[in-house]
Amino acid sequence: MLQGNVVELATAVIIGSAFTAIVTAFSDKIINPLIAAVGGAEGPALSFTLKPGVPETTIDIGAVITAAINFLIVAAIVYFIIIVPMNKLNEMRKRGVPESEVPPTAEDLLGDIRDLLRNQAAANAGPAGGTPGQGGYTDPNEPPRH
């Protein structure tokens with residue numbers, strides 16, 4: 001429980017939620033005035049109304065841009081302050097540990113069994129090799145003869 005993704009996830013949630021207040025203040029006090037400077041004086045910047053006189057039909061593109069900038073700031077901070085250092089820490093831990101042997105695959109094991117069976121069959125056949133079907137060597141890849 002104290003290793004791996006649980007600690008990383010908990011840390012990311014805590015720092016992300018605490019950092020949200022800073023990003024919101026940055027957006028409200030710096031980003032929004034910059035976006036408002038681009039727009040007109042009659043309402044929210046970078047917005048337009050679909051039906052004149054009905055404020056519910058106003059599409060505010062500036063708010064969407066602000067939300068996207070908020071997300072990018074939070075994501076970058078979480079990545080560079082939490083994820084990158086944790087990856088480096090895990091990398092440093094792995095340097096001291098020797099890599100374990102790679103277990104053989106099923107194909108490797110089946111090939112070894114095939115080779116053992118061929119060798120056993122050749123040893124049972126003796127030096128003459130015998131004739132197929134009479135207790136001598138039979139090729140496992142050859143179809144049976146009746």
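If a residue has to be part of a helix (DSSP H, G or I), under 22 Å from residue 24 (Cβ atoms) and not small (Gly, Ala, Ser) to count, how many in region 50-82 make the cut?
The number of residues fulfilling the criteria is 16.
Can you run down the residue pairs with Cβ atoms below 8 Å, 6 or more apart or on separate chains, where the first is in region 24-36 and over 13 Å from residue 68 (Cα atoms) and assigned to a helix (DSSP H, G or I) and the partner is of a type in the set (Gly, Ala, Ser) and open to solvent by 60 Å² or more (accessible area, probe 1.4 Å)?
No pair meets every condition.
Picking from 24, 58, which residue would you name as being modelled with pLDDT of 80 or more, more than 30 Å from residue 94 (Cβ to Cβ), surrounded by 11 or more Cβ atoms within 10 Å (Cβ to Cβ) and not basic (Lys, Arg)?
Within the list 24, 58, the selection yields 24.
Sort out which residues of region 83-97 are open to solvent by 100 Å² or more (accessible area, probe 1.4 Å) and either hydrophobic (A, V, I, L, M, F, W, C) or assigned to a strand (DSSP E or B) (or both), and write them in order of number.
Listed by number, the list holds a single entry, 92.
The values are calculated or read from the model by the stated rules, or taken from the named source; none is laboratory data. Quantities reported herein were computed from a predicted structural model and do not represent experimental measurements. Glycine gets a Cβ as well: all are built from the backbone with ideal geometry, and neighbour counts include every protein chain shown. In case anyone asks, the SASA skips ligands and DNA or RNA and just uses the protein heavy atoms, side chains included. Shrake-Rupley method; radii C 1.70, N 1.55, O 1.52, S 1.80 Å.
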